[in-house]
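Since every read-out is calculated from the coordinates, none of them should be taken as a lab result. Bear in mind that the values here come from a model prediction, so they are computed numbers and not experimental data. When we count neighbours, we look across all protein chains shown, and the Cβ atoms used for this are built from the backbone with ideal geometry, even at glycine.
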Amino acid sequence: MARWENGPGVLHGAKTGIPVEIAASYRARTRGLLGRDGIEGALLLTPASSVHTFRMRFAIDVAYLSRDFTVLAVRTMRPGRLGLPRLRARHVLEAEAGAMARWGLRPGIRLGVERVR
């Protein structure tokens, strides 16, 4: 994608297509998953290289992605934590804890994003 916009999409490269909400604006990235009780699918923060879980209501899985959407690391974060920035990360994918293991996401896998209009 040349220019990122907020909105729905589908993530490819895992066991199945994953519905994803793209948060590309500063406001959407700042809000993230705050105030939510859960999420169907995942949230893609772009650009981003780190996240926090302060004021979150549930634990999340976080995947740090490189510029070409290769998974660099996957972590589970409980509420009230601060994730360290990843130097090569350009995007961050967030989902409910346990979701990324079910989807088969692990370091080294290359993902793709398709916008849904």
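For the chain, modelled as a GNM whose springs connect Cα atoms under 10 angstrom apart, the maximal fluctuation among 23, 63, 101 occurs at 101.
Where the only charges are on Cβ atoms (+1 Lys, Arg; -1 Asp, Glu), what is the dipole of segment 16-117 about its Cα centre, to the nearest 20 debye?
On the way: 18 positive and 8 negative charges, 67 e Å.
Dipole size: approximately 320 debye.
For segment 1-73, the list of GluC sites (Glu not before Pro) that fall in a loop by DSSP and count at most 12 other C-beta atoms within 10 angstrom reads 5, 40.
For segment 38-117, the list of chymotrypsin sites (Phe, Trp or Tyr not before Pro) that fall in a loop by DSSP and count at most 15 other C-beta atoms within 10 angstrom reads 54, 58.
Taking the square roots of 5 times each eigenvalue of the Cα gyration tensor of the chain, largest first, gives ellipsoid semi-axes of 18, 16, 15 Å. Of the residues 50, 66, 25, the one that moves most in a GNM of the chain with alpha-carbon contacts below 10 Å is 25. Taking N as the residue count of segment 69-115, its C-alpha radius of gyration divided by 2.2 N^0.38 Å amounts to 1.19.
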